[in-house]
1. Check segment 234-252 and report whether any residue there is part of a helix (DSSP H, G or I), charged (D, E, K, R) and at pLDDT below 95.
2. List the residue pairs whose Cβ atoms are under 8 Å apart, where the first residue sits in segment 20-41 and is closer than 23 Å to TRP70 by Cβ, the second is open to solvent by 70 Å² or more (accessible area, probe 1.4 Å) and not in a strand (DSSP E or B), and the two are 6 or more positions apart or on different chains.
3. Being modelled with pLDDT under 95 and over 14 Å from the mean Cα position of the chain (by Cα) is true for just one of ILE200, ILE256. Which residue is that?
4. I'm trying to understand the selection: among the residues of segment 253-285, which are open to solvent by 20 Å² or more (accessible area, probe 1.4 Å), in contact with a Pro (Cβ under 9 Å, 6 or more places away or on another chain) and more than 18 Å from THR58 (Cβ to Cβ)?
5. Of all the strands (runs of 3 or more DSSP E) wholly in segment 1-45, which have at least 1 residues that are open to solvent by 30 Å² or more (accessible area, probe 1.4 Å), of a type outside the set (S, T, N, Q) and over 22 Å from ILE148 (Cα atoms)?
6. Among the helices (runs of 4 or more DSSP H) lying completely within segment 56-169, list those that include at least 3 residues that are open to solvent by less than 60 Å² (accessible area, probe 1.4 Å) and modelled with pLDDT under 95.
7. Name every residue in segment 187-220 that is open to solvent by 50 Å² or more (accessible area, probe 1.4 Å) and β-branched (Val, Ile, Thr), in order of residue number.
8. Which ones in segment 221-252 are over 19 Å from the mean Cα position of the chain (by Cα), over 11 Å from VAL274 (Cα atoms) and either open to solvent by less than 10 Å² (accessible area, probe 1.4 Å) or not aliphatic (A, V, I, L, M) (or both)?
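The values are calculated or read from the model by the stated rules, or taken from the named source; none is laboratory data. Given the structure is predicted, the values throughout are model-derived calculations rather than measurements. As a convention, Cβ positions derive from the backbone with ideal geometry for all residues, glycine included, and neighbour counts pool all protein chains shown. What goes into the accessible areas is simple: the full protein's heavy atoms, side chains included, and nothing from ligands, DNA or RNA. Shrake-Rupley method; radii C 1.70, N 1.55, O 1.52, S 1.80 Å.
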Amino acid sequence: MRIFADSASDLPKSFFEQNDVTLLPLRVLVDDVEYEDILTIDPLEVYKAIQNGKQPKTSQVSPEFFKEKWEELAVSGEEGIYIAFSSELSGTHDTAVMIQKQVLETNPNLNLTIIDSKCASLGLGLLVQEAVKLRYENIDRKKIIQRIQFMAKHMEHLFTVDDLDYMARGGRVSKTSAFVGGLLNIKPLLHVEGGKLVPIEKHRGRKKVLRRMMELMAERGDKLAEQTIAISHSNDPEIAMELKSMIEELFRPKHIGVYLIGSTIGSHVGPGTVSVYFLNQLKEG
């Protein structure tokens, strides 16, 4: 069984190579040059460009790339699962479905399930990691799909950004949501609701917003000690390690993964973002 994931999952290139996961790269435009996320641009280049006053732009996985991969899958006769970036944040999922329908017209044996994760960054990445784990355990495709759909429904995203203006420019939050608080050191706290990025609170200073993230984890998380939790950051390893230490002390999860936010997501959130991802319900029933 083949697993497909797009670059908005913010997993490193090595993960795709070592676990036989097919990478579907979104595209990043910097200084009128188009790059394939993960493959031909490093996130640090994007953060440097933003700090130099530039505004990188992003676009979805190309229809041609989807067509190539879906036709390859059909010819191989294998089963496939594509776990996609939230359809509320990108047209990538809808394009994948459109191309799937086209390929089915000439390749009716295409056996592909496309899952709209309604997740972003490592919220999506955790789903991909789980799918790989279950495939290694030889779990059948139907059960893998059920597990991924369950986790997607119960995935929590909590994050804070230095400046919501980055996200407003890219249309990821409304301009009215991009409240200004820089002079007062106001830090917004956001989550994902229905696949959309939603500001929920604002706090003065990083320490307070991190403490509030811990409170919300305690309120929302289910059996956190039994979970794999993920942290992502946009070139701020110090704040990521601080958050990791807080989580370890309070919840003692079985594993915490810390990753750099990739070029696609990073183009919209800008430097200084830190996020945590976990489940609000660990298992069905």
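1. Here is the first cut: in segment 234-252, the residues part of a helix (DSSP H, G or I) are 237-251.
Now narrow it down to the ones that are charged (D, E, K, R): 238, 242, 244, 248-249.
Then drop every residue that is not at pLDDT below 95, which leaves 238.
Within segment 234-252, one or more residues are part of a helix (DSSP H, G or I), charged (D, E, K, R) and at pLDDT below 95.
2. Sorted first by the residue in segment 20-41, then by its partner, the pairs are LEU23/LYS13; LEU23/LEU39; PRO25/LEU39; ILE38/LYS13; LEU39/LYS13.
3. Exactly one of ILE200, ILE256 is modelled with pLDDT under 95 and over 14 Å from the mean Cα position of the chain (by Cα), namely ILE200.
4. Passing the criteria: VAL258, TYR259.
5. 27-30, 33-36
6. Numbers: elements: 63-76, 92-106, 121-136, 141-153, 165-169.
Qualifying helices (runs of 4 or more DSSP H): 165-169.
7. Correct list: ILE200 only.
8. ASP222, LYS223, GLU226, SER245, ILE247, GLU248, GLU249, PHE251, ARG252
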